[in-house]
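Below: one structure, written as structure tokens.
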């Protein structure tokens, strides 16, 4: 029964993804997809492992910079560039993770924040990142050498492919025996340890996977917008992804996708209102926290179950 | 859905092929409307010096032009880039792809400006940057669809540094924020000082953003330099100036803000800023023309215009004039027309758009009045010296713009 519901969700998601660019502006959709993947990767850690990282911008942003750099300066093809950025994020995740998982709760969050701030200052200072100007005009180039990505629709389906790949990967991770252990650790770590599971190595692996997939999102974003900037590594970005996960529903498969859509939509389409944007966003967040405490998708799930 | 899209694509292609010839002959405007997008910071740090004032300036320019050009209505729309280059980039794409915006102006923040001018070039429209200040716009990242209007960091740093050194302030000390922009400001200013026969005694770099500048100011005082150059901007600069006033820097040493705006003076107050020297591209109380326009601006905005806002008006007007004169809104033709026509309005006299996109015009070395000299609100500045355009801006011979054939 439960599987059936998720399968229907998947079909709707894929179908909507294929049809969407003919109804909605594709560049906006690509942005939404990148952030949706980012939020899903973050949710893997927060929702399924119970670790609140406040430094995910470091993975998202550094992958964006690395991808931008290797494509622009070293002439890498697009797919290799994205791969390089993602691999870098995996590596960075391994380093940060092995330090951060030694502590729990607020201390874990603070360590990730501190490490992410170091990445921010590196990006501000290093010459290769262009300092506060960032990297602009990253060429989109040709996928596999023959698909022209400067065509918006081609680019869109490429991004959709990456998103679906990441999304299914996360779904598989969550529903594997490994994912079950993660949930066990989230619910009660001492009990999971007493059952013979090595909590630390599970947490570390979850952290690395989450970091790497965040990197994939960041790398893709830098190709879509042809730009990598300090916004991507700023702590505000780490905060934004927390909000996306919270608004959509922590610990649900589709929640972060919905949350990312809501927030990106507000950022984009309310930009004409000027200073009212922050006020409108604030009201929406307050409403979410008060009314949908489980997030939009979390509340919907609860409604259906009832 | 797919079918209608194909028809649309075909139609667009047909128009593209047929249009250039048709436009030149019949004076048609693409999509029947000239749309100007003002992309600025409507809610953040720079909302005072650009923001809603820039939107108003663009609207005033359209109204003063009669609201129509070649029979087509002029429409001004605004977008808040929230000081995020990626937001700027997605707004720009939406404007150019979907909303048929013909020209984007203001462009607050260097990173956002750099991102947008590239998209504008790709889509063959025009960007007229009035707000972003980086010299990269007319150097490494120049395009033949960008005009850089009001000022750039070279003109500000170089203007103050050279003029003061020539006047006899030979020794300098810099307080510089520790990031790329600050470093390049310091480099530009130092070169100008040395070239004018002055000497840089030293400099200190502060972390960005900073909150306490006392130790840096002490070093600056201890250096004994005649001038302390401040390369930081906005809130950092404001804090530094306030602390400098508390430390009594002013009578012995002169304080020079490299990137300073009239709105900064307005928010800090004359007490802390009096005597400060900086370079500006516009001041409302310069002559009858500037006063007349600024008065109209003030009536609607309740603030006096900054050089950025005045620059937006000037840029939009020049753009509309070029459309009228060339009978088309095709970007390449307009750009050639704009470069061929001198800019003459209240903002610039005999301004000229160079090959690299730099609009060259006179800059002004200004000094902040003290409280006795100031007779009315916004009466803040006196003119020390006019810096002729060819001295104020980076010479073409030094340009790193690939469009310049050497």
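Can you give me the number of residues within the stretch B:80-108 that are within 16 Å of residue B:53 (Cβ to Cβ) and modelled with pLDDT of 90 or more? Total meeting the criteria: 3. Within the stretch A:131-149, restricting attention to residues that are touching a strand residue (DSSP E or B) at 6+ places or on another chain (Cβ under 8 Å) and more than 7 Å from chain B (Cβ to nearest Cβ), which residue is nearest to residue A:70 (Cα to Cα)? Restricting to residues being touching a strand residue (DSSP E or B) at 6+ places or on another chain (Cβ under 8 Å) and more than 7 Å from chain B (Cβ to nearest Cβ), the top hit is A:138.
When B:111, B:157, B:163, B:127 are screened for being part of a strand (DSSP E or B) and either touching a strand residue (DSSP E or B) at 6+ places or on another chain (Cβ under 8 Å) or at pLDDT below 90 (or both), only B:127 passes. The residue list B:88, B:111 contains one member that is more than 16 Å from the chain's Cα centre (by Cα) and either without any contact (Cβ under 8 Å) to a residue 60 or more places away in the chain or under 18 Å from residue B:305 (Cα atoms) (or both), which is B:88. Taken over the stretch A:252-277, the criterion of being buried (at least 20 other Cβ atoms within 10 Å of the Cβ), closer than 29 Å to residue A:11 by Cβ and at pLDDT below 85 is satisfied by A:267 alone.
Taking the stated definitions as given, is residue B:180 buried (at least 24 other Cβ atoms within 10 Å of the Cβ) and within 13 Å of another protein chain (Cβ to nearest Cβ)? Break it down stepwise before answering.
Numbers: buried (at least 24 other Cβ atoms within 10 Å of the Cβ): no; within 13 Å of another protein chain (Cβ to nearest Cβ): yes.
Against the criterion (buried (at least 24 other Cβ atoms within 10 Å of the Cβ) and within 13 Å of another protein chain (Cβ to nearest Cβ)), residue B:180 does not qualify.
Against the test of being outside the structural domain of residue B:310 (by TED's automatic domain parsing), part of a loop (DSSP other than H, G, I, E, B), more than 21 Å from the chain's Cα centre (by Cα) and in contact (Cβ under 8 Å) with a residue 60 or more places away in the chain, the options B:275, B:248 yield a single qualifying residue, B:275. When both residues are 6+ apart or on different chains and their Cβ atoms are under 7 Å apart, which pairs have a first residue that lies in the stretch A:16-31 and is facing chain B (nearest Cβ under 10 Å), and a second that is assigned to a loop (DSSP other than H, G, I, E, B)? Listed by first residue and then by second, the contacts come to A:22/B:1; A:25/B:98.
Look through B:220, B:225 and report the one residue that is under 27 Å from residue B:385 (Cβ atoms) and either in a loop (DSSP other than H, G, I, E, B) or at pLDDT below 90 (or both). Lay out the reasoning, then the answer.
Numbers: B:220 fails: either in a loop (DSSP other than H, G, I, E, B) or at pLDDT below 90 (or both).
Among B:220, B:225, only B:225 is under 27 Å from residue B:385 (Cβ atoms) and either in a loop (DSSP other than H, G, I, E, B) or at pLDDT below 90 (or both).
For (1) out of contact with any helix residue (DSSP H, G or I) (no Cβ under 7 Å at 6 or more places or on another chain); (2) surrounded by fewer than 24 Cβ atoms within 10 Å (Cβ to Cβ); (3) more than 29 Å from residue B:190 (Cα to Cα), each residue gets a yes or a no:
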site	(1), (2), (3)
B:90	no, no, yes
B:107	no, no, no
B:118	yes, yes, yes
B:131	no, no, no
B:152	no, no, no
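Taken together, B:99, B:75 contain a single residue that is outside any helix (DSSP H, G or I), farther than 23 Å from residue B:306 by Cβ and either free of Cβ contacts under 8 Å to residues at least 12 places away in the same chain or within 13 Å of chain A (Cβ to nearest Cβ) (or both), which is B:99.
Would you confirm whether any residue within the stretch B:56-65 is modelled with pLDDT of 90 or more and within 12 Å of chain A (Cβ to nearest Cβ)? Within the stretch B:56-65, not a single residue is modelled with pLDDT of 90 or more and within 12 Å of chain A (Cβ to nearest Cβ). Of all the criteria given as (1) touching a residue at least 60 places away in the same chain (Cβ under 8 Å); (2) assigned to a helix (DSSP H, G or I); (3) touching a strand residue (DSSP E or B) at 6+ places or on another chain (Cβ under 7 Å), the one not satisfied by residue B:105 is (2).
The values are calculated or read from the model by the stated rules, or taken from the named source; none is laboratory data. Being a predicted model, the structure only gives us computed values, none of them experimental. For neighbour counting, all protein chains shown are included, and Cβ atoms are generated from backbone atoms with ideal geometry for every residue, glycine included.
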